[in-house]
1. Only one of ILE2, ILE88 is within 18 Å of VAL135 (Cβ to Cβ) and β-branched (Val, Ile, Thr). Can you tell me which?
2. Quick one: PHE102 ticks every box in (1) among the aromatic types (Phe, Trp, Tyr); (2) farther than 30 Å from ALA132 by Cβ; (3) under 13 Å from the mean Cα position of the chain (by Cα) bar one, so which box is it?
3. Could you give me the residue pairs with C-beta distances under 8 Å whose first residue belongs to the range 23-46 and is closer than 20 Å to ALA105 by Cβ, whose second residue is modelled with pLDDT of 95 or more and of a type in the set (Asp, Glu) wherever it lies, and which are 6+ apart or on separate chains?
4. Looking only at residues that are under 19 Å from GLU15 (Cα atoms) and free of Cβ contacts under 8 Å to residues at least 60 places away in the same chain in the range 53-84, which one is nearest to the chain's Cα centre (by Cα)?
5. If I filter the range 118-152 down to residues being at pLDDT 75 or above and either over 27 Å from ALA103 (Cα atoms) or assigned to a loop (DSSP other than H, G, I, E, B) (or both), which single residue comes out as nearest to the chain's Cα centre (by Cα)?
6. Strands (runs of 3 or more DSSP E) wholly in the range 1-110 with at least 3 residues that are among the aliphatic types (A, V, I, L, M) and buried (at least 16 other Cβ atoms within 10 Å of the Cβ) - which ones?
7. Can you tell me how many residues in the range 26-51 are at pLDDT 95 or above and over 16 Å from the mean Cα position of the chain (by Cα)?
8. Would you check which residues across the range 5-30 are over 16 Å from LYS113 (Cα atoms) and touching a helix residue (DSSP H, G or I) at 6+ places or on another chain (Cβ under 8 Å) and list them?
Amino acid sequence: MIVKVQAEDFDAAAEIRTLIGGRTDVGAVVTFTGLMRGGEGATLTLEHYAGMSEKELTTIAEEAAHRWPLTDLLIIHRHGTLNPGDQIVLVATLAAHRGDAFAAAEFLMDWLKTRAPFWKKEEAGGKTPGEAKWVEARADDEKAAERWEEKE
C-alpha cells in the first residue's frame with residue numbers, strides 16, 4: 001500500500017508500472033486520475049496539514065484493504081496551486097478480480113472527496129477574475145459516500 005501527498009505532478013503510467021512490478025497475482029488494475037477543471041486563468045489551491053493528511057489517507061486506504069481482497073493499492077494526492085488540466089489525484093487498486101478492484105477504487109474516491117483533510121480555495125479566471133472562495137463539500141459527494149457507511 002502506497003500513500004503519497006505531494007506538490008509535484010506524477011506520471012500515472014510509471015506509478016502503475018512500479019506498483020504492478022511483474023506481479024502475477026494481479027488480475028485487475030483499476031485506476032482513476034482526477035484533473036482540475038475550469039476556465040482560463042482559474043486556479044485551485046489545495047491546503048493540508050503535513051502528517052495529518054498522510055495519516056488520514058492511510059486510514060482510508062486501510063479501510064479499502066479491509067473491505068476488499070486487494071493485492072495492493074496506491075493513492076497520490078497533490079497539494080498546492082493547480083491550474084485547469086493539472087492532475088490532482090491518482091488512485092490505483094490491484095486485485096485478483098475486477099469487481100473488487102472497481103469497488104475499492106470507487107470507495108476510495110468517494111471517501112477521498114468527503115473525508116480527506118484538504119481545504120480547497122478556488123479562484124475563477126477569465127477576463128474579470130473573481131475573488132478566491134473556499135469550496136464547500138458538495139451534497140452529491142456526501143450522498144455517494146453514504147452508501148459505504150457500515151451499518152452497525
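The values are calculated or read from the model by the stated rules, or taken from the named source; none is laboratory data. Worth saying up front: this structure is predicted, and the values here are computed from it rather than measured. Every residue, glycine as well, gets a Cβ built from its backbone with ideal geometry; the counts of neighbours run over all protein chains shown.
1. ILE88
2. With (1) among the aromatic types (Phe, Trp, Tyr); (2) farther than 30 Å from ALA132 by Cβ; (3) under 13 Å from the mean Cα position of the chain (by Cα) applied to PHE102, the lone miss is (3).
3. So the pair list comes out as ARG23/ASP72; VAL26/ASP72; ALA28/ASP100; LEU35/ASP86; MET36/ASP86.
4. Of everything passing the filter in the range 53-84, LEU57 is nearest to the chain's Cα centre (by Cα).
5. So, considering only residues that are at pLDDT 75 or above and either over 27 Å from ALA103 (Cα atoms) or assigned to a loop (DSSP other than H, G, I, E, B) (or both), the one nearest to the chain's Cα centre (by Cα) is PHE118.
6. On the way: elements: 2-6, 28-35, 43-47, 70-78, 80-82, 87-95.
In the range 1-110, the matching strands (runs of 3 or more DSSP E) lie at 28-35, 70-78, 87-95.
7. Summing the residues that are at pLDDT 95 or above and over 16 Å from the mean Cα position of the chain (by Cα) in the range 26-51 gives 3.
8. If the condition is that a residue be over 16 Å from LYS113 (Cα atoms) and touching a helix residue (DSSP H, G or I) at 6+ places or on another chain (Cβ under 8 Å), then VAL26, GLY27, ALA28, VAL29, VAL30 are the ones that fit.
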